[in-house]
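Below is one structure; the comments refer to it alone.
Laboratory data are not the source of any read-out in this text; all were calculated from the coordinates shown. Since the model is a prediction, treat every value here as computed from it, not as a measurement. All Cβ positions, glycine included, derive from the backbone under ideal geometry; neighbour counts span all protein chains shown.
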């Protein structure tokens, strides 16, 4: 299908560019590791303290890393006005949204795949469970769904880098709350069933915001 | 009129306006361009040239008025129209981190170009960039980037070219070569071309017909046969109040 | 004329509400006089939600119809909304102090929800002022308005569940309320809603005038 082949072309193009420069992934990864390091000093690495704040730490790190990485998503499209180049391609505007969502999702998941084991190692936590990985992937989808929309919006404003967090963070607060609570339970070794009601909140957030952002995206790139 | 006229003309614009918030960038533009005609638009900065080109390129939506390209309405068939037009501006639309080949290949995918590899080689040869095809775009000179950008616009064999300050970074010799590459269509017939430029002399040399825009309106329109360069400069000064 | 009637109605209702609050409604046994705060807090909380609904309507119609008047409505509702949301936060804080002994209670999901709403309102207003082209600022604000409105149920749900509370079915549902208190509360809500509508209409009118003045200024500067 033409829609998906073009979506994949956009994702592939972003991945290729990233593979060459490693701009986003390396910077975001270093940032995430630094945040973890700073948390360690801020809260002290005593086991009882870690148990209390571990899940919060994880999601503060990923939320801020997400802002950093999503900020870059549309800046590359503005550099030689490539966004106009995409707008003259024979396809609906939504192709751009989906392609960018997939690319940002890919970058975020790579960063998380590296940061999570480091996190586990440094704080001696059972991070690598199916539950926690599942939660991470689901919450990241929600971040990227909202973040890609706002990233496209933010590049058209005066203070690009500052606008995204101001828009993005209040909207994803419910997602962060659910992520923190669910990860807390997952770190305590609870089963999938005990993650209720957080899991349905996360999943419905993902679905609803993917659909709404998909529908509304054209208004942002079009004048 | 109506159906018949729009069938024969490549571009037909009637009463086009475009506003950004409260600012009116185009205040009622009407214009008909025949197939194979080359039309140059002059005008000072802020005259609305770029806005007009962007509306024709379906990047901007008209606020009111009718725009038909190859008898297709931009409001309803923008996607189909995009297959008929190639756009070159002073911005290249190229990704600096990718090679010229990768850029062309990407746009070929976006335009559903059949036999991508051969076509990319073809357009690269057309703009004389075969040897640098595997260099990163950011390492190429500005003029070379512009050549790749022209190759990008030719990938899907458009019948209409929209050129907005397209000669940016190109030396006069290259401009001549690239002009003929853009002007000559696939079947040997000339492509329809609309171009904007600051360079009156060069624009005058290339066009069949010329327009002068100012403050969102077409102020002057003439065929090249009835005018010489001095006449053009006089008309330009008269319309825009800008001395050259 | 219509506006004048609304003004009058608002004035009468406001006095009536004051009368009911201070002279008619009984003093609560446990909390005492402090509980009177409640008749201000609930309407403010309600208006910060209502205002969001108005933004949503304005935003949706602006995006689909591209008519300035819808943007005027959405913008005015955001501005008036952030005022009422700020008041809700202040009143909530004044309420929290004597009841819980702290100025801010994270345990109270309605307070937390209101705070998140406040930030979303701020986002709505900021995105407009940070956008270079004015026409796009309106579009962007509308997009944020739509996304923010859809976010509200998630905010309410997550902040209530966060502290292990059941999500409130109605925001101001209070079981076993004295009928006199209920009447007073209802009337307060109506009175403040009328006040809200009056202020909103006023703001929309001012915004139209602003646009008119700007247009005339443009014409004048073009002439000269």
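Along the Cα-to-C-beta direction of residue C:34, a point sits 7 Å from the Cα; which residues of segment C:85-108 have their amide N less than 14 Å from that point? In segment C:85-108, the label zone of residue C:34 (backbone N under 14 Å from the point 7 Å along Cα→Cβ) covers C:92-105.
Extending 7 Å from Cα along the Cβ direction at residue A:5 and again at residue B:8 yields two label points whose distance is 3.8 nm.
Each stretch of four or more DSSP H residues adds -39500 (n - 2.57); spread over every residue of chain C, this sum gives -28000 deg cm²/dmol at 222 nm.
Beta bridges assigned by DSSP with both partners in the protein assembly as shown are antiparallel in approximately 60 percent of cases. Against chain A, whose longest principal axis comes from its Cα atoms, helix A:94-123 is set at around 20 degrees.
Of the candidates B:56, B:210, B:98, which one comes out as most mobile in a Gaussian network treatment of chain B with C-alpha springs shorter than 10 Å? The residue with the greatest mean-square fluctuation here is B:98.
Every helix of 4 or more DSSP H residues in chain B counts as -39500 (n - 2.57), and over all residues that averages to -10000 deg cm²/dmol at 222 nm. The GNM of chain A, with springs linking C-alpha atoms under 10 angstrom apart, assigns the highest mean-square fluctuation among A:48, A:23, A:94 to A:48. Pick from B:188, B:28, B:203: which residue has the top mean-square fluctuation in a GNM of chain B where Cα pairs under 10 Å get a spring? So, out of B:188, B:28, B:203, the one fluctuating most is B:188. Between helix C:38-65 and chain C there is an angle of about 30 degrees, using the helix long axis and the longest principal axis of the Cα atoms. Quick one: angle between helix C:109-130 and the longest Cα principal axis of chain C, in degrees between 0 and 90, rounded to 10, please. Around 10 degrees separate the two axes. Only helical runs count toward this figure. For chain A, summing -39,500 (n - 2.57) over DSSP H runs of n ≥ 4 and dividing by all residues gives -29500 deg cm²/dmol at 222 nm.
Quick one: grab the alpha carbon gyration tensor of segment C:54-184, order the square roots of its eigenvalues as a ≥ b ≥ c, and give me rounded if a/c is under 1.5, else prolate or oblate depending on whether a/b is larger than b/c. Because a/c hits 1.5 or more and a/b exceeds b/c, segment C:54-184 counts as prolate. Using only the Cα atoms of the protein assembly as shown, build the gyration tensor, take square roots of its eigenvalues as a ≥ b ≥ c, and label the shape rounded, prolate or oblate: rounded if a/c is under 1.5, else prolate if a/b is larger than b/c, else oblate. Verdict is oblate for the protein assembly as shown.
Using R0 = 45 Å, the C-beta based FRET efficiency linking residue A:204 and residue C:18 works out to 0.55. Cβ crowding within 10 Å, taken as a proxy for footprinting-reagent exposure, orders B:109, B:243, B:83 from fewest neighbours to most as B:243, B:83, B:109. Just to confirm my numbers, what's the Cα centroid distance between segment A:43-120 and segment B:93-119 in Å? Result: 26 Å between the Cα centres. The label point for residue B:83 and the one for residue B:171, both projected 7 Å from the Cα toward the Cβ, are 4.0 nm apart.
From the alpha carbon centroid of segment C:116-147 to that of segment C:41-56 is 18 Å.
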